[in-house]
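The structure appears right after this line, and notes come after that.
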Amino acid sequence: MLLTSVMVVLREVLEVALLLSVLLAATRLLELRARWFYIALLLGGCFAVIYGENLAKISQAFGGVGQELVNAGISIFIYILLIVVAVLLLVNWHKKHYKLLTMQFVMLLAVTMAIMREGSEIYVYLTSFWLHPPLLPSVMIGALLGAGIGYSLSALFYYLLCGLSQRYTLGISCIFLTILAAGMSLQASQLLIQADLLPAQEPLWDSSRLLEENSIAGQLFYAISGYEATPTPLEVVVYVGSIVIMLGIIAGVYYRISRD
Amino acid sequence: MINLLKAGKGILSSGRITGCLWLLIILLGFPLLNTCTSDTDKPTVKLEIRNHLFNPSEVAIPADTEVKLVIYNRDSSPEEFESYLLNRKKVIMGNSKAVIFIGPLPAGEYPFFGEFHPKTAQGKIIAQ
Amino acid sequence: MKSIRIFLLITLLSIIMLVNFVSALHGYRDTVAEAQRLFDRQLGASARLLADMPVASGAERVVAQPEAMVMQVWSEDKKLLVRSADAPVKPLSEFAVGFKEINFSGYRWRSLTEYFPDNGHWIIVAERSDLRYQLADKLAIAAVLPILLGLPVAGLLIWFVVGRGLSSLRKLAEALHSKRAEDLTPLPECSPPEELLPVVQSINALLTRLQASFERERRFSADAAHELRTPIAAIQVHAHNLESEFKGTGQKLIPASLVKLEDSVHRMAHLVEQMLDLFRTTPEHYPARFEMLNLHALAREVLAEEYPIFAQRKQQVELLGGRVFIRGDRFALTILLKNLLHNAAKYTPVAGRIKVSTTLVKEDILLRVEDSGPGIPEEEYTRIFERFYRIGGDRHQSTVPGCGLGLSIVQHIARLHGAIIELGQSSFGHGLSVTIRFTKVKEDERD
């Protein structure tokens, strides 16, 4: 049970923690206060419990695909929020103090949403063993190990981002935000396919031999870029499209700023 | 949300970028169009989770056809249906059912498992 | 990086956690796999044991078996010979030799099928998978738990060790912080760590250069003041002679310019005297000779000496309090008293009142001079100690020459005695009260 527990928790923690470390590095870059971060942790935790408690009801909604719809909605929402964050980050880098409060609010919202989504799964998973004492120690230790690995990776990643020179931090933050955001919209498209709202197709390729989704490295790549060993053509289009749109917006903003 | 979008748009007022945003909205709106096609004609396969076991543990479905998988969780604890080959993942709460659409699949075996009890809850879908 | 300590704690702990947890996972996986192999071997042993069991080839026999294990013995022609109570009558798995995972009676089982050609028996034994895993889990957890429990200890140790490692940095910061603004003596180089040595050395080099330049400036000013003394005295003499000469020629009226000249020269002489006092009383350079003396008596002496100033302005001066003894430098304290009295006289209007008192409050000895002048707004309290600073600039209504060095001199002398200057409202209702608080200091602390 321990390995399973590690995998379940690690996957969810990594997704949120990597997003957090990029956003925190951006906060650091703009010399903002990290107060939003603590509020987001608190709010996200509360919402995760509420969402987890009501997951049964949500699942039954919309003809049994409520879970997919809500999760896809959250993912798309986060995608849009991350675009706004990237744009505001760029603008603030060049022209100080432009809608900084809005930016902090957007980051707070994105992190809260991400924690709510991933946290609810951990909550559902862990509480399901609450009534099964023989497995509980194993599950809890696994959860701690998973959370620890996820936390360590993103803490080191955060310090790596902060340790770079500021120009690189900006560029790499923007790139990572783009990849994370594209991963979000990829997940959304997968969920919508699962709910039969987007057409299902045969996979375009199978890279599971190269990198298994079920390995720690696979989970890491999944958390960073939404790695999918057997994507369908539509998923590939959505993923590439999301990246192109976001990079286009970033490039457009950058062009406009540097022209002014 | 709207305010945020407006805030975003304030910066992105150039025509090309607004066009991109529209494209995004159309892309996101696409699922709604697709809901018109009803799923009543799709074959339904029923599956049961009891005591952290899938029953039946091997499900035969027609190849190259979209199938509606209905999974009943008879346990009191939740389970997560997951398959890497099928790219499906869904939490099924205790004593409830879930609907997952799979396929069309080429003939072959597609293992799936319950993420929360992967040692026992195992099964595979056989498309033929 | 806000704090080196937090940075080191988080990164070190993260690295330790990452390495330990990943290796713990590997250890766990290996332990579980080893346990599974052990269970598989046991299953094989059970099967062989069953094969050696004599079985009557007649009717199907049902035997009791421990829970969580089932077995079947089939004859060559696929007829069930023996089965455990929980086992079904159908074959548990197909007749193919090897291990297999099967589901039946609501559980998942690990089954082993063996064929024994000696007697042509097929033997199928199976164990419940979930129980096997639980057992393996228990074994493996015992190996993983210490790593998890050790982590908080490691965190605590890192916190203290890093704190210890940074302590010399903190000490350096404290040494710098506790340095007085004028104290330019080098930092003690009491064996700082290699990494800090260049910092300490650079700071000390800087301090030495700074001190040298301060010393040059001080000496230049003192020398300049000293050198100015003689010509000014000469001018004073000449001006006086000029005045006498004028009077000698029988002229009644002395030209206004001559009066102004005399006044200016007088002020300049005063300024030079004050400057010399200021440099002379610099605590770092003053050759103090401390002796036990009666502050009250000293105040009376100085008052008597300076009485003409007050008389000239028709001011009423009183000396209150009794004998108080302090260890002090007579010459310096005389300068201090003179300056305080001059200031009081200067700012008190004609026919005003001035009060001087010496009191003993608890352990401290207070010398207080209060005037009945306009007083000073509280926000000016810190500024009036600056050199050449005068409230309202140079245009204050006073006939007594002033240069704005008086309180700086007082401050020097107070510091020389380890005394504190307190400013406040005088008891006349308006006016300034200056209190010099001589705290009782142990002999060895004052060098």
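In this label model, residue C:211 and residue B:109 are separated by 8.6 nm, measuring between points 7 Å along each Cα→Cβ vector. Between helix C:295-312 and chain C, what is the angle of the helix's C-alpha long axis to the longest principal axis, kept within 0 to 90° and rounded to the nearest 10? So the helix axis and the longest Cα principal axis differ by about 50 degrees. Here the label points at residue C:61 and residue C:301, each 7 Å from Cα along the C-beta direction, are separated by 12.8 nm in the simple model. When the GluC sites (Glu not before Pro) in region C:192-287 are filtered for DSSP coil states and for at most 16 other beta-carbon atoms within 10 Å of their beta-carbon, the remaining sites are C:194, C:195, C:284.
Compared with the alpha-carbon gap, the fully stretched path from residue C:194 to residue C:359 is longer by 54.1 nm at 0.36 nm per residue. Listed by chain and number, the lysines placed with their C-alpha closer than 28 angstrom to that of residue C:90 are B:46, B:119, B:124, C:78, C:79, C:100; residues fewer than eight positions away on the same chain are left out.
Can you check how the C-alpha radius of gyration of the protein assembly as shown compares to 2.2 N^0.38 Å, as a plain ratio? That works out to 1.59 for the protein assembly as shown. In chain C, the longest principal axis of the Cα atoms and the axis of helix C:197-248 are about 10 degrees apart. Estimated from helical segments only, the mean residue ellipticity of the protein assembly as shown at 222 nm is -19500 deg cm²/dmol, where each DSSP H run of four or more residues counts as -39500 (n - 2.57). Length available on full extension from residue C:178 to residue C:237: 0.36 nm per residue minus the Cα-Cα distance, which gives 16.3 nm. Restricting attention to region B:44-127, close to 70% of DSSP beta bridges with both partner residues there are antiparallel.
Candidate cross-link partners of residue A:96 among the lysines, defined by an alpha-carbon separation under 23 Å and a same-chain spacing of 8 or more, comprise B:6, B:9, C:2.
Shown is the FRET efficiency for residue C:289 and residue A:166, computed with R0 = 51 Å from the Cβ-Cβ distance and rounded to the nearest 0.05: 0.25.
The modelled label-to-label distance for the pair residue C:49/residue A:131, using points 7 Å beyond Cα in the direction of Cβ, is 3.7 nm.
For chain C, the normalised intensity computed at q = 0.05, 0.06 Å⁻¹ comes to -0.49, -0.55 (log10 of I(q)/I(0), Debye sum over alpha carbons, equal scatterers, no solvent).
For residue A:212 and residue C:167, FRET efficiency with R0 = 41 Å and r from the beta-carbon atoms, rounded to 0.05? Working from the Cβ atoms, E equals 0.25.
Here the 3J(HN,Hα) profile of region C:253-262, calculated from phi with Karplus coefficients 6.51, -1.76 and 1.60 at θ = phi - 60°, is 9, 7, x, 4, 4, 5, 4, 4, 4, 4 Hz, Gly and Pro shown as x.
Computed from the C-beta positions of residue C:263 and residue C:201 and an R0 of 56 Å, the FRET efficiency is 0.55 to the nearest 0.05.
All of the numbers you see were taken from the coordinates with simple rules; none came from a lab. Remember, it's a predicted structure, so these values are computed and weren't measured experimentally. Methodologically, a virtual Cβ is constructed for each residue, glycine included, from the backbone with ideal geometry; neighbour enumeration extends over all protein chains shown.
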